[in-house]
Amino acid sequence: MVNLKINDMPVSVDDGVTILEAAQKLGIKIPTLCHIKLDCFHVEHRCGSCRICVVEVAGRPNLAPACCTPVLEGMDVKTNTLRAINARRTMLDLLLSDHPKDCLTCAKNLDCQLQKLAQEMNLHQVLYKGEQSTYNKDLSSQAIARDLDKCIMCRRCETACNVVQTVGVLSGVDRGFEAVVAPAGYKPLNQTQCVFCGQCVLACPVGALTEVSYKYDVWKALNDETKTVVVQTAPAVRAALGEEFGIAPGSITTGKMVTALRMMGFDKVFDTDFAADLTIMEETTELIGRVKEGKNLPILTSCCPGWVKFLEHQFPDLIYMPSTAKSPQQMFGAIAKNYYAQKLGIKPEDMVVVSVMPCLAKKYEAAREEFSHNGNRDVDIVISTRELADMIKEAGIIFNNLEDSKYDDPLGESTGAAVIFGATGGVLEAALRTAADWIAGTDVQEIDFEAVRGLEGIKEATVNVAGLELKAAVCSGLGNARKLLERIKNGEAQYHAIEIMACPGGCLNGGGQPYYDGDTTILEKRKEALYRDDKDQKIRKSHLNPSIQKLYKEFLGEPGSHLAHELLHTKYTPRKNW
Amino acid sequence: MFIASKDALNSYAAKIKGAASAETTILVSMGTCGIAAGTTPVLKAIRSEIAERNLQNAIDVIEVGCMGLCHCEPSIEIINNNTGKRIIYGDVAESQVAAIIAAGSDTPAQGTRTVERTWYYPEFETKPASALQAKIVLRNTGRINPEKIDEYIAEDGYQALAKALTGMKPDEVVNEIVASGLRGRGGGGFPTGKKWQFAAVQKNDEKFMICNADEGDPGAFMDRAVLEGDPHSVLEAMAIGGYAIGAHVGVIYIRAEYPLAVKRLQIAIEQAREYGLLGKNIFNSGFDFNIEIKYGAGAFVCGEETALIHSIEGMRGEPTFKPPFPAIQGLWKKPTVVNNVETYANVCAIIRKGADWFKSIGTAGSPGTKVFALAGKVSKVGLVEVPMGIKLRDIIFSLGDGIKDGKAFKAVQTGGPSGGCITSKSLDTPIDYETLKGLGSMMGSGGMIVMDEDDCMVNVARFFLEFTLDESCGKCTPCRIGNRRLFEMLNEICDGRATMETLDKLKNLSRTIKDTALCGLGQTSPNPVLSTMVNFEDEYLAHIQEGKCPAGVCANLIHYEINDKCVGCTLCARNCPVSCISGDRKQKHYIDQTKCVKCGVCYQACKFHAIDKN
């Protein structure tokens, strides 16, 4: 233990703890900006670049950044001396002097840490006015918008991109006043190996990185009389949307969300969970087939477009590994346009499929060439959880007061197996539930595969599926995926099945989810909510979903049938790694 | 040749020393500066003259590194090996070579410029009364051919390594360096021995010895001179350090803009390997040490040790917060010592002669010598190595021969862009790490820029700040944005747009940047501003309150007017680049102030003192 004093109050903390953490223990909040700590992923971004957290330490000639200065025995720290306050205010002043300050029209308005800091520190004017750095905006991708004028060089996005995800697109470029975070050579994002996971967007404390918004496109579609507009909502959305309306994190708001969507004018409100059940039918069929043949193992899940693109760039020699099953979003689009439109008696081009996703890569996925037919996309517009919340607010819907309502049939019916797709491990667990039944030929009662749950980056389990020993792994966060794939490539690990999600923790922590600014307890609550929702469902196995059974009976035939392959499966493309 | 043991080294050295030398030796300065000034044709002329006179056996010609005489390159030194008499010629032209050879080594040739020797070598000479310089770091630079390892061995080269490896335990080596009081010559002045000690006590199979050769101060070229003139001294010192701390790999991080230094280092490493002085089981001691070279792209900030380490690792060259210090967690997260070239160049002499000998030179707190690159408005620019504790007056007015063109001394900037300016009232302060700091400046790596009455100190501060502005990595807020704002405020002052409030803001922000910046670059970047504000407050006030630049430098604050002495010769009008001067022949001329760009050409052209600069 180390004993020190902060603002004359004694405190004892473990060796290696920073002044910031020691102060927290005393209930003293030292303002920070660049620092972020994601406890549940064991990630700490401690670059010490913003200098907002400087404090006075007796005997030290200059001020110390609290976020990266380890405590020492006998240290005498003062957080609120005039010297520290002035320095802190000057840092904020300087940051604002090089910032557009267009808060009212900024996508991050009220979600901005810089704005919050200016308010908390009562900075009412900028003293050191001067030239502002300007850069071209990058709107090249369908997913992530970059406005570098707003970049404050906190480098959080870099940690997300390079340390957490090991994608390696974002880094500091240029130097001095022109220094900024960008892809090498200022390449537009769509010409890089960016996978659009959006972890950088979640990490960005200001409006430099935001999603490419399609809210207006949705309004246009909703107001187009000639179009039938259907919407699908991903599993993880329901566990986080409420946060945007001040509802406690970890609340499931499916019923209110469905009501709101209907009020906004969607013709049909459907559930991606339905398509998740469908995915399980196809993917499990493939899994059992590959395991029986002992070929092309392990099978990797393919629900996550960020992960798929990562594989295409970083491990092009392994592209035979993922299941050929499309993601639930794309399966939904294909079924809506080819099955449901037929049922309604309308042409696919007269139907608009809107997705509400926790994810930014889904925007990119929906635009992939292989998911269009004759120029008509299976999924037309993708908005994030945050965008949906914005639209609900814009529509004047008082979300918190809404009554619950149910999804429309037939693409709205789902099971507990589908809702856990929103958490890391959920896809694999859902597949195992179906595989167990199919292999045993009975309704297996043991369906909670606890070993694959939880937010840890890599989980391994050998599960007994109706007498068959299946070696499985679950991985979330692309850095973890890289570790696992390297081991597989080098023959150091053998599995039958692996679930991989690009975002740490899975879709509940997707790039399109409400901002949580480092408070990872919120992620735990979202995860618990999803498993609670699973428990609450009457049917908890995908293959028992009556609407799915009907879909096969009426339309697709068997899982893995020719038609199923045509509509529900896809292929992957090796891509350059730069 | 392979030298397998200490005895083998001794007998080989004795053999080389014993070899008959010619009656006369001519040293030709072939450093980058000498070559740039035209030494190559002079060298060629010397060789052909010798051949013509058939004196090949009587005269040895040795291409050496920089002799430090920048003000009179090309320079050569002629030594009579029998009498020890020597003549140093400066500004040697090809046309003078024949006369110089003909004159021999006893009397200087007619019509040439000779230079007085102002230095001695403490290691093997007693101090002549007149010698202000003491060369330890530069003991071989300018004396031996840096591309021939034998010449280094003949000058006790690799004796220190042999002594350390065969006669001392690693901790004894560390203790010797600690006892010597040697401090880092790259800027901070941290005790070198302590750095080694920190790394030595770390338990780790892998450690690294790094040489920081990323010299980047404007006008500084001390390290380049050592690497070009005596590369083996650095290699040998790194190996000694490696032995002391338990490292087997050394890395020299050198800027790619030093091609000659790189080439000579490569040759030196190759030769040392061939001789077994680098590589496995050196001197049969069981100690292995190898050195590799990494190239920098010339970013000033990469002189900061954590930034340098990141650059070697292939990352963006920017500093990270310390702790952990490199000695605990450095290159590839292994214990690492980073010393600069000049620091290493002291090590062998300390091991050979002992800590007490080293401490007998310099001051108690800063033993040894310091190499300075003397530049600016001084008459004799060049490289000088002086004992710590010398007065600035001795460097500038004796070694540098005072201010050019008889102008008045105004200030001297030490420590490069991170340092501060020192005025005439402090010229007699004995300088070492502490006193320079006390004067609001710093030792830095040894750049020394002299300014005269024609320099505007606000503009000087702006010049240095512009350098750090360009060279900042942009990582932390105070350095990235704060320095920019300082620069903008200095522009306002130089342009006459500033108010007294600007001055307050300038001072406050400068202090805050020093207080908050992440690395040494940012923490010291406002020094030129603060020190000029203290020492030349009147100049700042003149700019702001009177709208005048006393030195007549800031274009916006000066204007030229033609007075009644004008005879209408039209010379000014003909020279004006923007044709803003009009007037008939033999009539008084006029300057159109709206068009004048204040270039000063008319002022210089006028032969009648008819143009006033206000």
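The values are calculated or read from the model by the stated rules, or taken from the named source; none is laboratory data. Keep in mind that this is a model prediction, so the values were computed, not measured. Positions of Cβ are backbone-derived with ideal geometry, glycine not excepted, and every protein chain shown enters the neighbour counts.
When A:ASP408 is tested against (1) surrounded by 24 or more Cβ atoms within 10 Å (Cβ to Cβ); (2) touching a Lys or Arg at 6+ places or on another chain (Cβ under 9 Å), just one condition goes unmet, and that condition is (1).
Yes/no matrix, rows are residues, columns are (1) modelled with pLDDT under 95; (2) buried (at least 18 other Cβ atoms within 10 Å of the Cβ):
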site: B:THR39; (1), (2): no, yes
site: B:VAL42; (1), (2): no, yes
site: B:GLN56; (1), (2): yes, no
site: B:CYS66; (1), (2): yes, yes
site: B:CYS70; (1), (2): yes, yes
site: B:PRO74; (1), (2): no, yes
site: B:ILE78; (1), (2): no, yes
site: B:ASN81; (1), (2): yes, no
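In the range B:94-180, counting only helices (runs of 4 or more DSSP H) that sit wholly within it, the ones holding 1 or more residues that are farther than 26 Å from B:ILE269 by Cα, modelled with pLDDT under 95 and not β-branched (Val, Ile, Thr) span B:97-103. Cβ separations smaller than 7 Å between residues 6+ apart or across chains give the following pairs from the range B:354-380 residues that are closer than 25 Å to B:ILE449 by Cβ to residues that are surrounded by fewer than 23 Cβ atoms within 10 Å (Cβ to Cβ) and of a type in the set (Lys, Arg): B:LYS377/B:LYS404; B:LYS377/B:LYS407; B:VAL378/B:LYS404; B:SER379/B:LYS404. Within the range B:304-318, residues that are within 13 Å of another protein chain (Cβ to nearest Cβ) sit with their Cβ atoms under 6 Å from residues that are surrounded by fewer than 24 Cβ atoms within 10 Å (Cβ to Cβ) and among the aliphatic types (A, V, I, L, M), at 6+ positions apart or across chains, in these pairs: B:GLY317/B:ALA299.
Listed by position, the helices (runs of 4 or more DSSP H) inside the range A:282-375 whose residues that are under 23 Å from the mean Cα position of the chain (by Cα) and at pLDDT 95 or above number at least 2 are A:305-314, A:328-335, A:361-366.
Applying a threshold of 6 Å to beta carbon distances and a minimum spacing of six or more residues, or different chains, the list of pairs starting in the range B:469-493 at a residue that is facing chain A (nearest Cβ under 8 Å) and closer than 21 Å to B:CYS549 by Cα and ending at one that is modelled with pLDDT of 95 or more and assigned to a loop (DSSP other than H, G, I, E, B) reads B:GLU488/A:GLY130.
Looking at the structure I just gave you, is A:MET264 crowded, with 23+ Cβ neighbours inside 10 Å, of a type in the set (A, V, I, L, M) and in contact with a helix residue (DSSP H, G or I) (Cβ under 8 Å, 6 or more places away or on another chain)? When the stated conditions are applied, A:MET264 does not pass them.
With respect to the conditions (1) facing chain B (nearest Cβ under 10 Å); (2) part of a helix (DSSP H, G or I), A:ASN62 lacks only one, and its number is (2). Filtered by the rule that a residue be more than 17 Å from A:ALA431 (Cα to Cα) and crowded, with 18+ Cβ neighbours inside 10 Å, the range A:526-546 gives A:ARG526, A:LYS527, A:ALA529, A:ASP533. The residue list A:GLY416, A:GLY454, A:GLY467 contains one member that is assigned by TED's automatic domain parsing to the domain that holds A:THR228, on the phi > 0 side of the Ramachandran plot and under 22 Å from the mean Cα position of the chain (by Cα), which is A:GLY454. Restricting attention to the range A:198-221, does a residue exist that is touching a Phe, Trp or Tyr at 6+ places or on another chain (Cβ under 7 Å) and closer than 29 Å to A:GLY416 by Cα? Looking through the range A:198-221, at least one residue is touching a Phe, Trp or Tyr at 6+ places or on another chain (Cβ under 7 Å) and closer than 29 Å to A:GLY416 by Cα.
Of the strands (runs of 3 or more DSSP E) lying entirely inside the range B:201-290, those containing at least 1 residues that are more than 19 Å from B:ILE309 (Cα to Cα) span B:279-282.
For B:LYS410, indicate whether it is surrounded by fewer than 24 Cβ atoms within 10 Å (Cβ to Cβ), within 16 Å of B:VAL534 (Cβ to Cβ), basic (Lys, Arg) and not assigned by TED's automatic domain parsing to the domain that holds B:CYS33. Before the answer, list the steps.
On the way: surrounded by fewer than 24 Cβ atoms within 10 Å (Cβ to Cβ): yes; within 16 Å of B:VAL534 (Cβ to Cβ): yes; basic (Lys, Arg): yes; not assigned by TED's automatic domain parsing to the domain that holds B:CYS33: yes.
Yes, satisfied.
In the set (1) away from every other protein chain (no Cβ under 14 Å); (2) under 18 Å from the mean Cα position of the chain (by Cα), A:VAL163 fails one condition alone, (1). Among the candidates B:ALA51, B:ALA14, B:ALA20, which residue alone is outside any helix (DSSP H, G or I) and either among the charged types (D, E, K, R) or exposed (fewer than 15 other Cβ atoms within 10 Å of the Cβ) (or both)? Sole residue among the options that is outside any helix (DSSP H, G or I) and either among the charged types (D, E, K, R) or exposed (fewer than 15 other Cβ atoms within 10 Å of the Cβ) (or both): B:ALA20. Just name the residue that is farthest from the other protein chains (Cβ to nearest Cβ) out of those in the range A:50-59 that are crowded, with 18+ Cβ neighbours inside 10 Å and assigned to a loop (DSSP other than H, G, I, E, B). Top of the filtered list is A:CYS53. Does A:ASP277 fit the bill of being at pLDDT 95 or above, charged (D, E, K, R), in the same structural domain as A:ASN464 (by TED's automatic domain parsing) and surrounded by fewer than 24 Cβ atoms within 10 Å (Cβ to Cβ)? So A:ASP277 does not fit the description; no. Look at (1) closer than 25 Å to A:ALA203 by Cα; (2) assigned to a loop (DSSP other than H, G, I, E, B) and you find that A:GLU73 fails only one, number (1). In the range A:94-106, the residue that is surrounded by the most Cβ atoms within 10 Å (Cβ to Cβ) out of those that are more than 9 Å from every other protein chain (Cβ to nearest Cβ) and not aliphatic (A, V, I, L, M) is A:HIS99.
Could you please let me know if B:THR343 is farther than 12 Å from B:ALA213 by Cα and either modelled with pLDDT under 95 or assigned to a helix (DSSP H, G or I) (or both)? In short, no. Considering the range B:585-598, and only residues there that are in contact (Cβ under 8 Å) with a residue 24 or more places away in the chain and touching a strand residue (DSSP E or B) at 6+ places or on another chain (Cβ under 9 Å), the residue that is surrounded by the fewest Cβ atoms within 10 Å (Cβ to Cβ) turns out to be B:GLN593.
Only residues that are touching a strand residue (DSSP E or B) at 6+ places or on another chain (Cβ under 8 Å), more than 10 Å from chain B (Cβ to nearest Cβ) and surrounded by fewer than 22 Cβ atoms within 10 Å (Cβ to Cβ) were counted in the range A:73-88, giving 6.
Within the range A:139-160, if we keep just the residues that are assigned to a loop (DSSP other than H, G, I, E, B) and of a type outside the set (A, V, I, L, M), the residue that is farthest from the other protein chains (Cβ to nearest Cβ) turns out to be A:GLN142.
Quick check on this structure: which one of A:THR210, A:THR233, A:THR228 is within 20 Å of the chain's Cα centre (by Cα) and more than 28 Å from A:LYS101 (Cα to Cα)? So the residue among A:THR210, A:THR233, A:THR228 that is within 20 Å of the chain's Cα centre (by Cα) and more than 28 Å from A:LYS101 (Cα to Cα) is A:THR233. A residue that is surrounded by fewer than 21 Cβ atoms within 10 Å (Cβ to Cβ), facing chain A (nearest Cβ under 7 Å) and within 30 Å of B:ASN614 (Cβ to Cβ) cannot be found anywhere in the range B:517-524. Per the listing A:ALA334, A:ALA366, A:ALA395, the residue uniquely touching a helix residue (DSSP H, G or I) at 6+ places or on another chain (Cβ under 8 Å), surrounded by fewer than 22 Cβ atoms within 10 Å (Cβ to Cβ), under 22 Å from A:LEU261 (Cα atoms) and touching a residue at least 12 places away in the same chain (Cβ under 8 Å) is A:ALA395.
Exactly one residue among B:ALA98, B:ALA134 is of a type in the set (A, V, I, L, M) and farther than 25 Å from B:LEU399 by Cβ, and that residue is B:ALA98.
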